[in-house]
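The values are calculated or read from the model by the stated rules, or taken from the named source; none is laboratory data. Given the structure is predicted, the values throughout are model-derived calculations rather than measurements. Counting neighbours? That spans all protein chains shown, and the Cβs are built from the backbone with ideal geometry, glycine included. SASA here: full protein model, heavy atoms, side chains in, ligands and nucleic acids out. Shrake-Rupley method; radii C 1.70, N 1.55, O 1.52, S 1.80 Å.
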Amino acid sequence: MKETPLSNCERRFLLRAIQERKRLDGRQCYDYRNVRISFGPEHGCCVVELGKTRVLGQVSCELVPPKPNRATEGILFCNLELSPMAAPGFEPGRQSELLVKVNRLIERCLRNSKCIDTESLCVVAGEKVWQIRVDLHLLNHDGNIIDAASIAGIVALCHFRRPDVSVQGKEVTVYSPEERDPVPLSIHHMPICVSFAFFQRGSYLLVDPNEREERVMDGLLVIAMNKHCEICTIQSSGGIMLLKDQVLRCSKITAVKVAEITELIQKALENDQKVRKEGGKFGFAESIPNQKITAFKMDSAAVDTNNVEEQAEEIITKADPPSEVFAKPILHTPGTAQIGEGIENAWGDLEESEREDAAEEEGESSATAFECQRTETEDTNTMSEAKDEPIVLSDSEEEEVVILEPQEEPKKTRYLTGLNHFRRNQSLKVNLSCHIITNLKFYLKPQTNLKQENTSKKAFNKKRRKKRASR
């Protein structure tokens, strides 16, 4: 699974923040993240946390034949594993370019710098030597794997104890920890890597970059140094050209950071050794902070129950009296009561904006009701005017004229009574009444011009009669 690329907005945001000397986690440009070291139940096992980047270190040993060209020296082997558990972008069983680069850098930092006395690992010259294997596993990836892995490797080597051996003739005896105390390794110095990220072609510099800052950086400079200010190895990647002054400034910063980390490692080793000698609890379970699991756990303390009443009276006398006391509750409505300051209940009251909206709606509804009432009165007046006018219809010239009388009185009264009933019904909405009134206007409108139509038809009939008579 490929890692999710950064969007253009995120990239521009990170670069703009770096230009303004700001970082996402609140650090300054030369600040290092917090380093936390915890040890396992056995010697040689540790977990190093650099911010959110976590690396597990485990050291093991075995007797093997030496190399032909170095018959009196032991063997130191380092291996780093990047699993998908740390980040989805890492593929299992495949060595990426990052893995190869970090492994080579760790080997140069630990083995080529001669931090361990390999000659002390020889048991029988040319036959048997101790092979020390350092396995590093990345548990969580949040940037700067090199620094976290180098710290985990040197801490695991300093914490490791190999079994004691004895040689009698050609016979080699390996003693268990119960028979003889294990022997620590001979450590000459502690090389620690410090990484520097460069941005904008070397214009900006950050110490200990995190995962997002590594994605937008132009180059990386790694310097491995011990507390004696001796440079063990140095590596530059990214294809940027660095000036001599930039490298010297980075080396000075490295000396300060390495001294702080070395002191932290020594204190952690001393505390672990002290706890193991005293027989106290140690291991990963004890190193987990209590705040993560038992946030509300409190240590039990003995409570003295003697003279409780006297102590209570003293506390009451020393306490300040209350400002106001309401002896009786304030009853606003039946079934409710309020004890305290007596502030009126404002639950259900409308706010100013809601009150204005309600007033506008009432005004609009009253205006529409007035208009509908006016249209109703006009329609009833037109109905009364066209009450007794006859209706004359004629489809063709040859047919006789048919005169239709106005509608009967009961039908009209029935319709008006329905209208009156509609007026009395106040539960219906105003828009429905307006709709019905418009329909009434549609049906009653033709009756307003009945008188004009009758006169025109009478004149037309007279003309036809005169024409027939002249023939």
Residue count for segment 139-154, restricted to those that are under 18 Å from Val59 (Cβ atoms) and either without any contact (Cβ under 8 Å) to a residue 40 or more places away in the chain or open to solvent by 40 Å² or more (accessible area, probe 1.4 Å) (or both): 1
Residue among Leu110, Leu105, Leu136 that alone is under 13 Å from Ile187 (Cβ atoms) and surrounded by 17 or more Cβ atoms within 10 Å (Cβ to Cβ): Leu110
Flag for Ala285 being within 21 Å of Asn34 (Cα to Cα), open to solvent by less than 100 Å² (accessible area, probe 1.4 Å), at pLDDT 75 or above and among the small types (Gly, Ala, Ser): no
Count of segment 219-232 residues which are among the β-branched types (Val, Ile, Thr) and either surrounded by fewer than 15 Cβ atoms within 10 Å (Cβ to Cβ) or without any contact (Cβ under 8 Å) to a residue 24 or more places away in the chain (or both): 1
Within segment 198-232, tally of residues that are in a strand (DSSP E or B) and among the small types (Gly, Ala, Ser): 2
Conditions (1) open to solvent by 30 Å² or more (accessible area, probe 1.4 Å); (2) at pLDDT 80 or above; number of the one not met by Ile253: (1)
Single residue of Arg54, Arg16, Arg27 found to be open to solvent by less than 40 Å² (accessible area, probe 1.4 Å) and within 25 Å of the chain's Cα centre (by Cα): Arg27
Complete set of residues in segment 196-218 that are polar (S, T, N, Q) and crowded, with 17+ Cβ neighbours inside 10 Å: Asn210
Selection status of Ser195, among the polar types (S, T, N, Q) and modelled with pLDDT of 90 or more: yes
Residue match in segment 147-160 (condition: over 19 Å from Arg54 (Cα atoms) and at pLDDT below 95): yes
Single residue of Glu97, Glu42 found to be under 30 Å from Arg162 (Cβ atoms) and either modelled with pLDDT under 90 or surrounded by 19 or more Cβ atoms within 10 Å (Cβ to Cβ) (or both): Glu42
The listed residue being surrounded by 15 or more Cβ atoms within 10 Å (Cβ to Cβ), of a type in the set (S, T, N, Q) and not in a strand (DSSP E or B), out of Gln266, Gln246, Gln235: Gln246
